[in-house]
Every structure is written in C-alpha cells, then in structure tokens.
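A.B. asks: Just dropping this structure here.
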Amino acid sequence: MKKLLGILLIGLLWCSNSFADVENWEIEKILDNKFISVSTHGTVAHGDKYRLLISTQGKCDVVEDTFTFYTMANHPEILNIVNKKIGLEAFGNKMLADIKSSSKFLGGHMVWITNGLYKIDDHIKFLQDKDELNVKLMIVFKNFEKKTFWKAEDMFDIDFNNWKLKNVSEALKEGQKLCLDK
C-alpha cells in the first residue's frame, strides 16, 4: 500500500497537465482530474512545492494546504513516518501538521506534509496579505501521545524552505474556477 501511494505521489509530481499560469503559480488538473493543484516552487529547494489542492469531487469550496520536502539524509526511519505528526514553524507560529507520504525519490526521499483542509474563501483571506510562507521543520513525532520524536535536522538535510505568495489569491480563484468548470 505504501509503495502504491508513493508511486501515485511521484506520478502526481511529474505527470500532470498544465492549464493555467498566474505569475509564479501553476494551476493544473492532476490524478485523473480528481484535483486542481495550485502550486509554486520553493526558493531554497526549487523542487519542493507549496501546493494547494482543490478536490473536483465536491463543491470546489475546500482547499488542502500542503507542501513537500525532498531529503537526501537517508534517515533509517524516513519511510516509516507516514501518518505521523510533524512539528514545524510557519508564519512565525509553531504548529502541528501531518505527514501524508514518504517515498523513495531520485537519490533520496520525498515527504509530503499537509496542514489540513480549509474553506477556500477563508484561506484566500488568510494568505492574501502575506508575502511568503517560511517553513522550518522542527520535530517528527515517533509517538505523539508519548511525546517521543526525532529531530527534523536528522531526517532532513534541508529542514526549511520559503515559497513566495505573490498572486496566491488570484491563483486560488483561478484554480477554483477551473474546478467549477469541470
């Protein structure tokens, strides 16, 4: 099952159809048109994307806030962190996120992190006045209830990234429009 999820996510990253561009944002249908992806590349690690996903299976009014981190640290537990919590700092606040997947990718591993689902209009309001998203990974929980964890710097050779948010509101509105026009 983990291999299948990894293959799907690699396909998600590499195989898609671009439909629109808003300055520094890519808007595309992915996974057999089940999602609209609104994404931008990182400024520290270009291959890491901040990706806002809109499901085409509903009313197109909810967005999942996600990003990826590529690592070549080859930590022995890197493939076992799926469904674990990760402590990070974003927008100057400490928060918890969920690790959606971890899979082998090129010479290292790609880790997909989700911050959760939000009403798209609320998320546009939240993001519209922000210039960039700065994320610093801090800890990966082995067991959240027992508060046991690994230091993120041991799992990730680059444990921070930045994404420019210029035009994020326009890009999300364009993604939502593409979703509604399905």
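The values are calculated or read from the model by the stated rules, or taken from the named source; none is laboratory data. Here the structure is a predicted model, which is why all the values come from computation and not from measurement. Positions of Cβ are generated from backbone atoms using ideal geometry, with glycine treated the same way; all protein chains shown enter the neighbour counts.
A.B. asks: Would you check which residues across segment 148-182 are of a type in the set (D, E, K, R) and under 30 Å from Ile78 (Cβ atoms) and list them?
C.D. replies: Hits for segment 148-182 are Lys151, Glu153, Asp154, Asp157, Asp159, Lys164.
A.B. asks: Still on this model: With the requirement that a residue be assigned to a loop (DSSP other than H, G, I, E, B) and touching a residue at least 12 places away in the same chain (Cβ under 8 Å), what does segment 127-143 give you?
C.D. replies: Gln128, Lys130, Asp131
A.B. asks: Here is a further query. Just wondering, is there one or more residues in segment 167-181 that are modelled with pLDDT of 95 or more, surrounded by 18 or more Cβ atoms within 10 Å (Cβ to Cβ) and part of a strand (DSSP E or B)?
C.D. replies: No.
A.B. asks: Restricting to segment 96-145, give me the number of residues that are of a type in the set (Phe, Trp, Tyr) and surrounded by fewer than 16 Cβ atoms within 10 Å (Cβ to Cβ).
C.D. replies: 2
A.B. asks: Which number in (1) at pLDDT below 95; (2) in contact with a helix residue (DSSP H, G or I) (Cβ under 8 Å, 6 or more places away or on another chain); (3) over 25 Å from Glu26 (Cα atoms) marks the one condition that Phe105 misses?
C.D. replies: (3)
A.B. asks: Taking segment 41-81 only, how many residues are β-branched (Val, Ile, Thr) and either assigned to a loop (DSSP other than H, G, I, E, B) or farther than 18 Å from Ile158 by Cα (or both)?
C.D. replies: 7
A.B. asks: Got a sec? Which strands (runs of 3 or more DSSP E) wholly within segment 82-123 have at least 2 residues that are more than 14 Å from the chain's Cα centre (by Cα) and under 16 Å from Glu153 (Cα atoms)?
C.D. replies: The qualifying strands (runs of 3 or more DSSP E) are 85-90, 108-119.
A.B. asks: Please identify the pairs in which a residue from segment 165-182 that is of a type in the set (Val, Ile, Thr) has its Cβ atom under 7 Å from the Cβ atom of a residue that is not in a helix (DSSP H, G or I), counting only partners at least 6 apart or on another chain.
C.D. replies: Filtered contacts from segment 165-182: Val168/Gln128.
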